[in-house]
Amino acid sequence: MKPLFSHRATSQLLVAGLLALPFALAAQTASPTQEADWRRANDAVGALKRGHADVLKWEQANTSAATATPASTLGVAMPTTEVAVRMAWTVHRDLARALARLGPKNEQLIAEGRWTELDPSLQRRVEDASEVLEVAAAGRKAWIEAVAAQQVLKHQRDMLEAAQAAYELGQRMVTVGNWSKLQLSPVQLAASNARMNLRRAQQAAAQAQANLVKTMGQTGLQDGFELPDQLPAIPVQPMTAAELQKRAEAVRSHLPDAESLRNRALSKSAMNVYWAAHALAQDSQGDILKTREFITEETVLHYNGMLKSVWDLLDEVRNQSQATVDAIGAQRDFWIAEADLQWVLQGGEPDSFVSLGGAGGDAPAAAAH
């Protein structure tokens with residue numbers, strides 16, 4: 001077999017942009033060298049504290065400017081769910097009277113998502129209060145979905161870059177005779193799958209933005225909203241069974257018998273989904289993601305020591321990015337479950353509860369009625 005000239009140097013360029021996904025490794029920065037002069041870069045490795053990691057760090061820093069993603073050209077900024085809720089209210093002008101009756105304190109609690117602090121009798125005392133809450137819940141959930149879809153899209157782009165880079169390296173190995181086309185086939189399939197996943201993520205993000213635009217009454221006025229880069233962190237501890245049961249009983253005491261029975265069933269389902277969503281989000285963002293990050297870091301170190309191949313590193317980068325996508329889905333599901341639970345604990349009746357299906361945006365499961 002023919003030796004692959006500058007195989008490891010080429011793989012360094014390949015991996016340079018991947019080490020930032022989704023965390024940055026601490027490394028000293030190498031002295032500037034010409035990007036194409038890989039021989040000189042390899043000669044300089046011995047003088048650096050962490051060997052190839054320093055070369056990769058320099059390449060990452062010096063190629064980022066050319067590949068930077070253009071700034072968003074979307075419209076109005078919507079940094080929080082509170083902004084989303086208030087904008088959703090403005091679409092329903094018939095709610096102005098109900099909001100006035102609720103008063104600024106209750107309006108603020110609803111906008112901020114602090115519904116468990118509301119008076120349990122609110123819907124019985126204030127006409128159209130249920131509509132105010134329903135619109136607020138829809139606005140919150142549309143915002144959550146859009147932010148999560150945007151996050152997932154970014155990481156799907158990252159995974160496609162990794163897959164395409166692997167395919168390009170594989171093609172070079174075939175060209176010089178180090179690989180057969182059969183050996184290249186799995187890498188080619190991985191790149192094709194990554195492209196398909198990116199297209200799905202693009203469509204999901206577009207649909208989520210379209211739903212947000214529709215919910216905010218901006219259809220035809222703008223294509224989307226400028227959203228934050230990530231969802232809020234989940235709370236360390238979920239609400240306890242004791243406080244949720246107390247709240248549910250207080251709400252039911254103000255409902256007619258038939259509604260009270262429905263609310264009892266809905267509350268049980270909403271609580272179970274909420275606790276399960278919190279546990280899944282904690283696991284995916286805690287042990288699973290941290291362990292995957294550790295494996296990736298160790299794989300990088302072994303790669304730098306020439307104990308792992310570039311293929312091992314690329315596989316682990318993809319695994320780590322997929323773990324991040326899954327964690328985003330679990331985080332999204334928690335916040336949707338939390339919004340539904342708070343609505344139920346104010347006497348609301350969601351049509352369905354989130355299915356906890358991961359980052360792909362599975363269809364929600366039917367709610368108990």
Any hit, segment 191-213, residues being in a loop (DSSP other than H, G, I, E, B) and of a type outside the set (Lys, Arg): no
Verdict on Gly139 being closer than 27 Å to Val83 by Cβ, small (Gly, Ala, Ser) and surrounded by fewer than 20 Cβ atoms within 10 Å (Cβ to Cβ): no
Exclusive hit being modelled with pLDDT under 80 and under 18 Å from the mean Cα position of the chain (by Cα), set Gly357, Gly329: Gly357
Ala149 vs. criteria over 20 Å from the mean Cα position of the chain (by Cα), assigned to a helix (DSSP H, G or I) and in contact (Cβ under 8 Å) with a residue 24 or more places away in the chain: no
Residue tally, condition open to solvent by 60 Å² or more (accessible area, probe 1.4 Å) and either part of a helix (DSSP H, G or I) or touching a strand residue (DSSP E or B) at 6+ places or on another chain (Cβ under 7 Å) (or both), over segment 214-223: 1
Asn178 part of a loop (DSSP other than H, G, I, E, B) and of a type in the set (S, T, N, Q): yes
Test: residue in segment 110-128 that is of a type in the set (Gly, Ala, Ser), at pLDDT 90 or above and under 30 Å from the mean Cα position of the chain (by Cα): yes
Search result, residues across segment 130-153 that are among the aliphatic types (A, V, I, L, M) and in contact with a Gly (Cβ under 9 Å, 6 or more places away or on another chain): Leu133, Ala136, Ala137, Ala146, Ala148, Ala149, Val152
Pair list, Cβ under 7 Å, 6 or more apart: segment 88-110 residue within 21 Å of Lys214 (Cα to Cα), other residue of a type outside the set (A, V, I, L, M, F, W, C) and open to solvent by less than 20 Å² (accessible area, probe 1.4 Å): Ala88/Gly139
Sole exception among (1) part of a helix (DSSP H, G or I); (2) of a type outside the set (A, V, I, L, M); (3) surrounded by 13 or more Cβ atoms within 10 Å (Cβ to Cβ) for Ser185, by number: (3)
Residue, nearest to Val344 (Cα to Cα), within segment 271-325, restricted to residues that are open to solvent by less than 20 Å² (accessible area, probe 1.4 Å) and among the polar types (S, T, N, Q): Ser284
Candidates Leu184, Leu198, Leu227, Leu212, filtered to the one that is in contact with a Gly (Cβ under 8 Å, 6 or more places away or on another chain) and closer than 23 Å to Ala148 by Cα: Leu212
Residues of segment 125-134 satisfying the condition of being open to solvent by 20 Å² or more (accessible area, probe 1.4 Å), in a helix (DSSP H, G or I) and either free of Cβ contacts under 8 Å to residues at least 60 places away in the same chain or among the hydroxyl-bearing types (Ser, Thr, Tyr) (or both): Arg125, Ser130, Glu131
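Residue-by-condition table, conditions (1) more than 22 Å from Pro228 (Cα to Cα); (2) assigned to a helix (DSSP H, G or I); (3) aliphatic (A, V, I, L, M):
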| position | (1), (2), (3) |
| --- | --- |
| Glu82 | no, yes, no |
| Thr90 | no, yes, no |
| Arg101 | yes, yes, no |
| Lys105 | yes, yes, no |
| Gln123 | yes, yes, no |
| Ala136 | no, yes, yes |
| Trp143 | no, yes, no |
Single condition Arg195 does not satisfy, out of (1) touching a Leu at 6+ places or on another chain (Cβ under 9 Å); (2) without any contact (Cβ under 8 Å) to a residue 24 or more places away in the chain: (2)
Yes/no for Glu226 being open to solvent by 80 Å² or more (accessible area, probe 1.4 Å), more than 16 Å from Pro350 (Cβ to Cβ) and either under 16 Å from the mean Cα position of the chain (by Cα) or hydroxyl-bearing (Ser, Thr, Tyr) (or both): yes
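The values are calculated or read from the model by the stated rules, or taken from the named source; none is laboratory data. A quick note: this is a predicted structure, and the numbers were derived from the prediction, not measured. Neighbour counts run over all protein chains shown; Cβ positions are idealised from the backbone, glycine included. Side chains are part of the model used for accessible areas, which takes the heavy atoms of the whole protein and leaves out ligands, DNA and RNA. Shrake-Rupley method; radii C 1.70, N 1.55, O 1.52, S 1.80 Å.
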